[in-house]
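Student: One structure follows; several queries about it will come next.
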Amino acid sequence: MNVLLIGSGGREHAIAWKLAQSKNLSKLYIAPGNAGTSECGENIPIAANDVDKLVSFARQNDVGLVVVGPEDPLAAGVVDAMEKAGIKAFGPSGGAAALEADKAFAKQLMRASAVSTAEGRIFDRFSDAKKYIASRDEAVVVKAAGLAQGKGVIICDEPSDGILVAEKIMCDKIFGSAGDKIIVEEKLLGEEASILAFVDGHNIYVMESSQDHKAVGDGDTGPNTGGMGAYSPAPVVTDEMMDRITREILVPIVDGMNRNGTPYKGVLYAGLMITSGGPRVLEFNVRFGDPETQPILMRLKSDLLEVFLAVCDSKLDEITLNWDQRPAVCVVMASGGYPGDYEKGKKITGLKEAGRLKDVIVFHAGTKKENGDIVTNGGRVLGVTALGEQIIDAKKRAYEAVEKIKFDGAYWRRDIADKAIKNSN
Ligand code: AMP
Ligand code: GLY
């Protein structure tokens, strides 16, 4: 079968790497891909958001399955467009993608489905938001309701800062129309975890747990990024906790999506705060997480193409998935300055030496080939991922690989997985 994978991040390299191992794969195309994905299949110069061109390409190249990595094309309805053209596509419909693309919708659905989340209010007028925030005397979290590349959530420990942030989002439109509506909610305390599940409309298969590191600096300091590293499994998600997450969050949301007339298919990602009172939802994403996918897929032993097809055909109950019991750790190497301004085009060396280490895969994100070299082409550049007997071994190996890779201005956090190491002692 020919497969077209949409996207160009570390997540997509991990998906491409895994699909390339499938016995039923004939040809893999990646649009637009990066230097890493070009080693797993053929990169096609079509932007991830160019739905019309993607549909024509899939039609002309006998594509049997389209796999969508990022949220933007999902929200733009790429799955609906492919299905209309008679092409199978893995991911939710545009309507179901509202679970991520419209945080106000997600909040309302959680309320209607009795799913525990931060107490919050939705506003479409700044004056109302201002009045509400001014009446609060605790920290507030202000969120643009629409898609803002992971940057639309701002935690304000002082409510007065919340008013300024709300003004920037709603009046100055720092996130464009994504800020037409905002959510103002309470700040939750606890440890975060990412739970990703395959959902085929009815059946839910929960993958191994993971944890992201959102903040740019060691010790979770500085501004939020797309994610600076991840590990799987997350010790904070015990078997008992996973049961609760499934029963109290995943099942009611999948039911709620059906009741809403937007049945859910694809990967459902619950971003959770594990609080002293139990798991509470920070947000839903309608796709694989990045960088969580890198350690998760490195641990998946089963054929990913088979899983994608089972989801599309609503036959998830007919397959079983096997996992490597060893933990995996992914350290993101970023361009200096990220998540603010950064330069591109820096030559990367040491990739081969790092990749030769046992149980290490260097997943590419913002990279491209240029005159025979591999150069940086984005904020997050590489996701250096390793398996180890214990999480401490996986961490050691990942950092050993990181040390072999060089590019001007390379930046990475030094404390990825430390929380897990502490928790597992
Ligand atoms: P989101 O994009 O909604 O997951 O938010 C990005 C990050 O902001 C999360 O991963 C959390 O670290 C943080 N966050 C979001 N909502 C809250 C909340 N209500 N309380 C505390 N932290 C939050
Ligand atoms: N790692 C967070 C995300 O994929 O949104």
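We did not get these values from a lab; they are worked out from the coordinates using the rules stated. Nothing here was measured: the structure is a model prediction, and the numbers come from that model. Here the Cβ is made from the backbone with ideal geometry for all residues, glycine too, and neighbour counts use every protein chain on show.
Student: Only one of Asn49, Asn34 is surrounded by fewer than 20 Cβ atoms within 10 Å (Cβ to Cβ), within 29 Å of Thr376 (Cα to Cα), in contact (Cβ under 8 Å) with a residue 24 or more places away in the chain and away from ligand 1 (no atom under 16 Å from the Cβ). Can you tell me which?
Tutor: Details: Asn34 fails: surrounded by fewer than 20 Cβ atoms within 10 Å (Cβ to Cβ).
Matching residue, one of Asn49, Asn34: Asn49.
Student: Another question, then. So which of Ala129, Ala96, Ala114 is more than 24 Å from the chain's Cα centre (by Cα) and part of a loop (DSSP other than H, G, I, E, B)?
Tutor: Numbers: Ala129 fails: part of a loop (DSSP other than H, G, I, E, B); Ala96 fails: more than 24 Å from the chain's Cα centre (by Cα).
Exactly one of Ala129, Ala96, Ala114 is more than 24 Å from the chain's Cα centre (by Cα) and part of a loop (DSSP other than H, G, I, E, B), namely Ala114.
Student: Please report, ordered by residue number, the helices (runs of 4 or more DSSP H) entirely within the stretch 235-332 with at least 3 residues that are in contact with a helix residue (DSSP H, G or I) (Cβ under 9 Å, 6 or more places away or on another chain).
Tutor: Details: elements: 239-245, 251-259, 293-299, 304-312.
Helices (runs of 4 or more DSSP H) meeting the threshold: 251-259, 293-299, 304-312.
Student: Out of all the residues in the stretch 41-52, is one or more in a strand (DSSP E or B) and of a type in the set (S, T, N, Q)? If you could, list the steps in order and put the result at the bottom.
Tutor: Taking the stretch 41-52 first, the residues in a strand (DSSP E or B) are 42-43.
Within this subset, residues satisfying the condition of being of a type in the set (S, T, N, Q) are 43.
The answer is yes, given that some residue of the stretch 41-52 is in a strand (DSSP E or B) and of a type in the set (S, T, N, Q).
Student: Can I ask one more? Within the stretch 134-153, can you find the residues that are under 18 Å from the mean Cα position of the chain (by Cα), within 9 Å of ligand 1 (Cβ to nearest atom) and of a type outside the set (Gly, Ala, Ser)?
Tutor: Answer for the stretch 134-153, where residues must be under 18 Å from the mean Cα position of the chain (by Cα), within 9 Å of ligand 1 (Cβ to nearest atom) and of a type outside the set (Gly, Ala, Ser): Lys143, Lys151, Val153.
Student: So which pairs qualify, if the first residue must be in the stretch 186-200 and within 16 Å of Asn224 (Cβ to Cβ) and away from ligand 2 (no atom under 16 Å from the Cβ), the second must be part of a loop (DSSP other than H, G, I, E, B) and hydrophobic (A, V, I, L, M, F, W, C), the Cβ gap must be under 6 Å, and the two must be at least 6 apart or on different chains?
Tutor: Here the result reads Lys187/Ala139; Leu188/Ala118, each pair linking the stretch 186-200 to a residue that is part of a loop (DSSP other than H, G, I, E, B) and hydrophobic (A, V, I, L, M, F, W, C).
Student: Please determine, by comparing only the residues of the stretch 53-77 that are in a loop (DSSP other than H, G, I, E, B), among the small types (Gly, Ala, Ser) and within 23 Å of Gly366 (Cβ to Cβ), which one is farthest from the chain's Cα centre (by Cα).
Tutor: Of the stretch 53-77, the ones in a loop (DSSP other than H, G, I, E, B) are 61-62, 69-70, 76-77.
Now narrow it down to the ones that are among the small types (Gly, Ala, Ser): 69, 76-77.
The next check asks that each one be within 23 Å of Gly366 (Cβ to Cβ); those that pass are 69, 76.
Numbers: Gly69: 9, Ala76: 17 Å.
Out of the qualifying residues, it is Ala76.
Student: Out of Glu192, Glu185, report the one residue that is surrounded by fewer than 23 Cβ atoms within 10 Å (Cβ to Cβ), within 16 Å of ligand 1 (Cβ to nearest atom) and under 19 Å from Ala101 (Cβ atoms).
Tutor: On the way: Glu192 fails: under 19 Å from Ala101 (Cβ atoms).
Of Glu192, Glu185, the one residue that is surrounded by fewer than 23 Cβ atoms within 10 Å (Cβ to Cβ), within 16 Å of ligand 1 (Cβ to nearest atom) and under 19 Å from Ala101 (Cβ atoms) is Glu185.
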